[in-house]
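The values are calculated or read from the model by the stated rules, or taken from the named source; none is laboratory data. Please read all numbers here as calculations on a predicted model, not as lab measurements. Glycine also receives a Cβ, built like all others from the backbone with ideal geometry; neighbour counts cover every protein chain displayed. Calculation scope for accessible area: heavy atoms of the full protein, side chains included, ligands and nucleic acids excluded. Shrake-Rupley method; radii C 1.70, N 1.55, O 1.52, S 1.80 Å.
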Amino acid sequence: MTVGRGVRRSSRRTLRGLTGGLVLFVGLEVLTRAELVSPTYLPPASAVVATTLAILVDPEFLQAVAGTLAGWGLGLIVASAIAIPLGLVLGWSWRGYRASTTAIELLRPIPSVALIPLAILLLGRGLDMRVALVAYASLWPILLNTIYGVRDVDPVARDTARAFGFGTLATLRRVSLPSAAPFMYTGVRVAAAVALIVAISAELVGGGSTPGIGTWMLERTQPGVDRELMYAGIVVAGLLGLGIDILMLAGERRLFGWHHRMRSVS
Amino acid sequence: MTSARIEVEHLGYRYAAGGAPALDDVSFSVGQGEFVSIVGPSGSGKTTLLRCVAGLAAPTSGEVRIDGVVVRDVPPGLALVFQDYGRSLFGWMTVHDNVDLPLRRRALSGEERQRRVASALAEVGLAGSAARYPWELSGGMQQRVAIARAVAYAPQILLMDEPFASVDAQTRSDLQDMALSVWRAHGSTVLFVTHDIDESVYLADRVVVLSPAPATVAAEIAVDLPRPRDQVETRAMPAFVTQRAAVARLIRRPGVGTP
Ligand SMILES: Nc1ncnc2c1ncn2[C@@H]1O[C@H](COP(=O)(O)OP(=O)(O)O)[C@@H](O)[C@H]1O
Ligand SMILES: [Mg+2]
């Protein structure tokens, strides 16, 4: 019964999304065909869609997408590998947390884009630089959510493990880790969105010859290049962000549904 | 009483330094294999007392000894059924895995673990719910999972904190008899906290009555009723009625009228 309702609700949402997309498409099409906006600035929506479909089978563009995803994914992995263990330790020990808050509060506000020149200086314009920047930007949401998640572990659950003879490490592994996992996942999900922005920004500023959506666009800023290409690139970047978000949300619901249900019961 | 298994001596506990004490001066002991009930008004410090016995909280004054050894950490072979059963179960695990988890710390074969989990769940009437998750169950069922987890662990010392407070009357009677049969089968020593006077008398060899907070022992009453106990026969005995009245009087006016 609830499943049926859920399906109906999600199909209604899909319908609403499609309607919105259609309205946007028709609006843009009318706007450009009537030349209310100069076609030099904004090509007709139908032309953008056609170009988007064309670049999606263009090997050079696909390589650029793969390059961006590599920077994005590796950066996220590096960030998780650092932030999750660190967050576990800091969340577990109150003293460690207190000691580290100052450092966190000082480092966190630095916009990762402001570090691009430094990263270029240290690591060049290739994948390393992009991974480092993505990792830096992704570190904070994962770290803070992990710390929060570990601090949020129910003391009764922890005492239960202790009462059954679990030592500190076993309690950490068997209770704190799984019970904080939904928070860690949320951190990674938030970081995944930020990471895409940073990955493309690093490509746009860094340039270089390593493939990426940013560098691909940069190469198409010369005069004489079709504007449709640029818009198509933007559309794909947007779809990528949307796709990542949808996948991460679906994963959250699948893996950590128990978390919300447990909360709503108690 | 045979040799003392648990000795609580001048136990005092404060949650905050300088704050009001939760336990003032509590002394009593529990013999090997004995079933002792602790009754006291709500807020009198019963949970705090169990936490000290379990080694989860360090006494502010006095001490707890188990087999003559001062408790500083959780003693081996002890199980505690928490009052907050819902929060004590792990939501990311099935009922089966919740019951199984403590057994993984013990040197048991997979088969033996499987057997114990299955029989403990059957004992609390949850054999069919092994694959479900705690949050899919009602409060009473969750409480039975928590009890099954302790039963499967086969503890030498079993501490239970108001374990039957949230179940309906019929289930409650069943669980009381289950607690008694588990106790008899395993020969464990049981410390059973409740605020239900009937229950305290029905189950125990002895009832320790706590005063309102900060707790002291208001009285100890030896329950002189034959075993095995029976929900209908035992409760109809004149001795049951007298002893339940004695406990009730002590709870109303603690410190007055020691039997
Ligand atoms: N974590 C805590 N921090 C501070 N005070 C507490 C805490 N837990 C219990 N208390 C206080 O200690 C007293 C005894 O509580 P508790 O042991 O839970 O009583 P009972 O289990 O008999 O209801 C109460 O006055 C309660 O408010
Ligand atoms: Mg209590």
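Enumerate the pairs (first residue in the range A:50-64 and closer than 20 Å to A:Arg227 by Cβ; second residue anywhere and acidic (Asp, Glu)) with beta-carbon separation below 7 Å, excluding pairs fewer than 6 apart on the same chain, so at least 6 apart or on different chains.
Partner pairs satisfying both residue conditions: A:Thr51/A:Glu228.
Counting only residues that are more than 12 Å from chain A (Cβ to nearest Cβ) and over 16 Å from the mean Cα position of the chain (by Cα), which one in the range B:45-61 is farthest from ligand 1 (Cβ to nearest atom)?
Result: B:Ser61.
Going residue by residue through the range B:64-77, is there one that turns out to be facing chain A (nearest Cβ under 9 Å) and of a type in the set (A, V, I, L, M)?
yes
Any residue in the range B:180-196 that's within 14 Å of another protein chain (Cβ to nearest Cβ) and under 19 Å from B:Glu7 (Cβ atoms): show its pairings with residues that are hydrophobic (A, V, I, L, M, F, W, C) and more than 13 Å from ligand 2 (Cβ to nearest atom) at Cβ separation under 7 Å, as long as the two are six or more apart or on different chains.
Pairs that qualify, where the first residue is within 14 Å of another protein chain (Cβ to nearest Cβ) and under 19 Å from B:Glu7 (Cβ atoms) and the partner is hydrophobic (A, V, I, L, M, F, W, C) and more than 13 Å from ligand 2 (Cβ to nearest atom), are B:Leu191/B:Ile6; B:Leu191/B:Val30; B:Leu191/B:Val36; B:Leu191/B:Val53.
Give the number of residues within the range B:93-148 that are among the hydrophobic types (A, V, I, L, M, F, W, C), open to solvent by 50 Å² or more (accessible area, probe 1.4 Å), in a helix (DSSP H, G or I) and within 13 Å of chain A (Cβ to nearest Cβ).
Of the residues in the range B:93-148, 0 are among the hydrophobic types (A, V, I, L, M, F, W, C), open to solvent by 50 Å² or more (accessible area, probe 1.4 Å), in a helix (DSSP H, G or I) and within 13 Å of chain A (Cβ to nearest Cβ).
I'd like the full set of residues that are near ligand 1 (Cβ under 9 Å from one of its atoms) and touching a residue at least 60 places away in the same chain (Cβ under 8 Å), limited to the range B:2-37.
If the condition is that a residue be near ligand 1 (Cβ under 9 Å from one of its atoms) and touching a residue at least 60 places away in the same chain (Cβ under 8 Å), then B:Ala20, B:Pro21, B:Ala22, B:Leu23 are the ones that fit.
Please determine whether any residue of the range B:191-200 is surrounded by 22 or more Cβ atoms within 10 Å (Cβ to Cβ) and of a type in the set (A, V, I, L, M).
Yes, the range B:191-200 contains at least one residue that is surrounded by 22 or more Cβ atoms within 10 Å (Cβ to Cβ) and of a type in the set (A, V, I, L, M).
Pairs only if they're at least six apart or on different chains, beta carbon under 7 angstrom, first in the range A:103-122 and within 19 Å of A:Leu143 (Cα to Cα), second assigned to a helix (DSSP H, G or I) and of a type in the set (A, V, I, L, M); list them, first residue then second.
A:Ser112/A:Leu133; A:Ser112/A:Ala137; A:Ser112/A:Val198
If I filter the range A:35-43 for residues that are surrounded by 12 or more Cβ atoms within 10 Å (Cβ to Cβ), assigned to a helix (DSSP H, G or I) and in contact (Cβ under 8 Å) with a residue 12 or more places away in the chain, do I get at least one hit?
no
Does A:Ile246 count as at negative phi, β-branched (Val, Ile, Thr) and open to solvent by 30 Å² or more (accessible area, probe 1.4 Å)?
It is true that A:Ile246 is at negative phi, β-branched (Val, Ile, Thr) and open to solvent by 30 Å² or more (accessible area, probe 1.4 Å).
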